[in-house]
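Presented below is the structure to which this report refers.
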Amino acid sequence: MMEPRLLQIKWEGPLSLDAVLSEKTGDDDYGLYQIYTHHLVFGAGSLVYIGKAEKQHFACRFKQHREDWLGWESDVSIRLGRLAPGAYRTDDNWQEWSQLITDAEKLTVYWHTPPYNSHYITGYDGQALWIQNWGNRGSLLPEYSSHWKPLRPDDAAEE
């Protein structure tokens, strides 16, 4: 089994949707994000969606979400995550960063199964990763890995 690659993600927030739309357009405003809102079943302040802003900055990605579904939600708060500097190469046209952010999204969704995500909730097929979440990580676990899997209801011990 291959040794997992350590990936540290630094989180900021919570931020309002308006703050993300108006302020997150810079050269470093790319990465993962978490969306929290009131959920009918899980209640107020629930993590409902994990996504990535890979080829467009956070503000552009959230404009799309607002038009598609986020405009209908109440009490929205957002956390933005960026890969730690030095964790990836930049001399390869950002290909390594792009693969890392894609795999980090997949593994984070797999471990946390937010109700509005439909992809990656049943398995992980990316590179071997060990993710550590730093800063204002919200409801995310401090760390998780592709080398072990989260417990699911059907994983209960046999009687």
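The values are calculated or read from the model by the stated rules, or taken from the named source; none is laboratory data. From a predicted model like this one, the values you see are computed outputs, not experimental measurements. Positions of Cβ are backbone-derived with ideal geometry, glycine not excepted, and every protein chain shown enters the neighbour counts.
Which of (1) at pLDDT below 95; (2) within 17 Å of GLY13 (Cβ to Cβ) is the odd one out, the single condition LEU47 does not satisfy?
Condition not satisfied by LEU47: (1).
Tell me which residues, restricted to segment 114-148, are in contact (Cβ under 8 Å) with a residue 24 or more places away in the chain, part of a loop (DSSP other than H, G, I, E, B) and either out of contact with any helix residue (DSSP H, G or I) (no Cβ under 8 Å at 6 or more places or on another chain) or among the aliphatic types (A, V, I, L, M) (or both).
Once the filter is applied, which keeps residues that are in contact (Cβ under 8 Å) with a residue 24 or more places away in the chain, part of a loop (DSSP other than H, G, I, E, B) and either out of contact with any helix residue (DSSP H, G or I) (no Cβ under 8 Å at 6 or more places or on another chain) or among the aliphatic types (A, V, I, L, M) (or both), segment 114-148 yields PRO114, PRO115, TYR116, ALA128, ASN136, ARG137, GLY138, LEU140, LEU141, HIS147.
Looking for something within 23 Å of ASP103 (Cα to Cα), surrounded by 13 or more Cβ atoms within 10 Å (Cβ to Cβ), at pLDDT below 95 and not aliphatic (A, V, I, L, M) - is there at least one such residue anywhere in segment 1-24?
yes
Tally time: how many residues in segment 76-93 are closer than 23 Å to GLU23 by Cα and at pLDDT below 95? Steps first, answer last, please.
Pass one, segment 76-93, residues closer than 23 Å to GLU23 by Cα: 76-85.
Restricting the remaining residues to those that are at pLDDT below 95 gives 84-85.
So the count comes out to 2.
Tell me the residue from GLN34, GLN56 that is closer than 14 Å to VAL20 by Cβ and part of a loop (DSSP other than H, G, I, E, B), please.
Numbers: GLN34 fails: part of a loop (DSSP other than H, G, I, E, B).
Of GLN34, GLN56, the one residue that is closer than 14 Å to VAL20 by Cβ and part of a loop (DSSP other than H, G, I, E, B) is GLN56.
Taking the stated definitions as given, is TRP97 more than 12 Å from the chain's Cα centre (by Cα), surrounded by 16 or more Cβ atoms within 10 Å (Cβ to Cβ), among the hydrophobic types (A, V, I, L, M, F, W, C) and closer than 30 Å to LEU151 by Cα? Reasoning before the result, please.
Details: more than 12 Å from the chain's Cα centre (by Cα): yes; surrounded by 16 or more Cβ atoms within 10 Å (Cβ to Cβ): yes; among the hydrophobic types (A, V, I, L, M, F, W, C): yes; closer than 30 Å to LEU151 by Cα: yes.
Spelling it out, TRP97 is indeed more than 12 Å from the chain's Cα centre (by Cα), surrounded by 16 or more Cβ atoms within 10 Å (Cβ to Cβ), among the hydrophobic types (A, V, I, L, M, F, W, C) and closer than 30 Å to LEU151 by Cα.
For (1) loosely packed, with under 14 Cβ neighbours inside 10 Å; (2) of a type in the set (Val, Ile, Thr); (3) more than 14 Å from the chain's Cα centre (by Cα), each residue gets a yes or a no:
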{"site": "LEU32", "(1), (2), (3)": "no, no, no"}
{"site": "THR37", "(1), (2), (3)": "no, yes, yes"}
{"site": "VAL48", "(1), (2), (3)": "no, yes, no"}
{"site": "ALA53", "(1), (2), (3)": "no, no, no"}
{"site": "CYS60", "(1), (2), (3)": "no, no, yes"}
{"site": "GLU67", "(1), (2), (3)": "yes, no, yes"}
